[in-house]
Amino acid sequence: MSADSSISSDWQPTASVENLRRRGRILAQIRQFFAQRDVLEVEVPLMSHCAVSDPFIDSIEVEYRAFPQAQAEKLYLQTSPEYAMKRLLAAGSGAIYQLSRAFRNGECGSRHNPEFSMLEWYRPGFDDQQLMDEVAALVMPILGLDNIERLSYQQAFEQCLGINPHTASLEQLIAVTRTHIDVAMEDSDRDSWLNLLMSHVVEPALAEQGAVFICDYPASQAALSKIKIDDSGRTVATRFELFINGIELANGYHELTDSTEQARRLDADQQQRAALALPQRPLENRLVAALEAGIPDCAGVALGVDRLVMLALGEQRIDQVIAFPFERA
């Protein structure tokens, strides 16, 4: 064996240099988009003393020491800049965006990397419908799209599965799920079955529809969004997701501004984490304090930049558009 053939090639980037150049142009295009709309670029810490409350997102823990032999202080890499950006909104920042890294445990694959690029922005005075307009204005030129369809969560389920997700009984949801998915799960939570149907049946079916916003999610899936009464008199979450060829690209809300309700939802998340035997981590009560101080009525959205670049370049895996994925970090 020659010396050259024994040398490892894992020092090399997985993305081609041409793809990295094209990625750089897309990042510049994003920044130009917000500069033209007078949206301020901000930076918030990547490390926090508090962790995300969502039971289905796992924070990566890091340790800080004031000196090498000091007792370690546990910190958490941000899974999203959301909490800190909302503190800026309460401080009077106005419209803001951040283009930075985010970190999540357990997310590694063809469309995931535990360290990834996220674009997040907040628009005071916007609701979820207006923010969908702006998301479309940003991504359509990048992806070469002429239009993005809008469907309610209910319409998507009715078209794909023939059921109304708001009124279907737990037994009906279980039966429909087992018709489409081989699953042995036993769960009395309707949302567990709705989430399975969404991820395993509805989202793949959206691939045939190209670009589509799904909006008006069940109120039980509001996360950090407000709730409203829709045209049929049903309570729904003012939340949307953007799918391109069946790939989730963005998740947006007409943001919750009620501090009491925010505190309740954080506590509910913590209780669910306990029920699932997940780690109990410090809650971001500074977010509650910011809402109590007063945050403007606004809409916000998080968008996966690596996936956006992947779709724009016609690639199938995000390691084709990032220099060094987890395996080569």
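The values are calculated or read from the model by the stated rules, or taken from the named source; none is laboratory data. Everything numeric here is computed off the predicted structure, so don't read it as measured data. For neighbour counting, all protein chains shown are included, and Cβ atoms are generated from backbone atoms with ideal geometry for every residue, glycine included.
Across region 128-147, which residue is farthest from R25 (Cα to Cα) among those that are surrounded by fewer than 17 Cβ atoms within 10 Å (Cβ to Cβ) and charged (D, E, K, R)? Looking at the filtered set, the residue picked out is D133. Taking each residue of region 193-219 that is free of Cβ contacts under 8 Å to residues at least 24 places away in the same chain and looking for partners that are among the hydrophobic types (A, V, I, L, M, F, W, C) and not in a helix (DSSP H, G or I) with beta-carbon atoms closer than 7 Å, six or more apart or interchain, yields L196/I181; L196/V183; H200/I181; A219/I227; A219/V236; A219/A237.
Looking across G106, G94, one residue alone is closer than 19 Å to R31 by Cα and not in a strand (DSSP E or B). It is G94.
Within region 215-256, restricting attention to residues that are hydroxyl-bearing (S, T, Y) and surrounded by fewer than 18 Cβ atoms within 10 Å (Cβ to Cβ), the residue that is farthest from I318 (Cα to Cα) is S232.
I'd like to check something: does region 263-279 contain any residue that is surrounded by 17 or more Cβ atoms within 10 Å (Cβ to Cβ), at pLDDT 95 or above and either of a type in the set (K, R) or closer than 25 Å to G109 by Cα (or both)? No: zero hits. Any idea which residue in region 52-88 is modelled with the lowest pLDDT, counting only those that are part of a loop (DSSP other than H, G, I, E, B) and in contact with a helix residue (DSSP H, G or I) (Cβ under 9 Å, 6 or more places away or on another chain)? The extreme case among them is F56.
For region 149-206, how many residues are more than 27 Å from D231 (Cα to Cα) and surrounded by fewer than 19 Cβ atoms within 10 Å (Cβ to Cβ)?
Of the residues in that region, 14 qualify.
Sort out which residues of region 8-45 are of a type in the set (A, V, I, L, M) and either surrounded by fewer than 16 Cβ atoms within 10 Å (Cβ to Cβ) or assigned to a helix (DSSP H, G or I) (or both), and write them in order of number. Passing the criteria: V17, L20, I26, L27, A28, I30, A35, L40.
Restricting attention to region 61-90, the residues that are in contact (Cβ under 8 Å) with a residue 60 or more places away in the chain and exposed (fewer than 12 other Cβ atoms within 10 Å of the Cβ) add up to 0. Assess whether V176 counts as being in a helix (DSSP H, G or I), over 19 Å from the mean Cα position of the chain (by Cα) and closer than 27 Å to D128 by Cα. Spelling it out, it is not the case that V176 is in a helix (DSSP H, G or I), over 19 Å from the mean Cα position of the chain (by Cα) and closer than 27 Å to D128 by Cα. Taking region 115-160 as the range and being assigned to a loop (DSSP other than H, G, I, E, B) and in contact with a Pro (Cβ under 9 Å, 6 or more places away or on another chain) as the test, only G125 passes. Among the residues of region 178-199, the ones that are more than 16 Å from A168 (Cα to Cα) and touching a Ser or Thr at 6+ places or on another chain (Cβ under 8 Å) come to 2 in all. Please verify whether region 218-229 includes one or more residues that are at pLDDT below 95, assigned to a helix (DSSP H, G or I) and hydroxyl-bearing (S, T, Y). There is at least one residue in region 218-229 that is at pLDDT below 95, assigned to a helix (DSSP H, G or I) and hydroxyl-bearing (S, T, Y).
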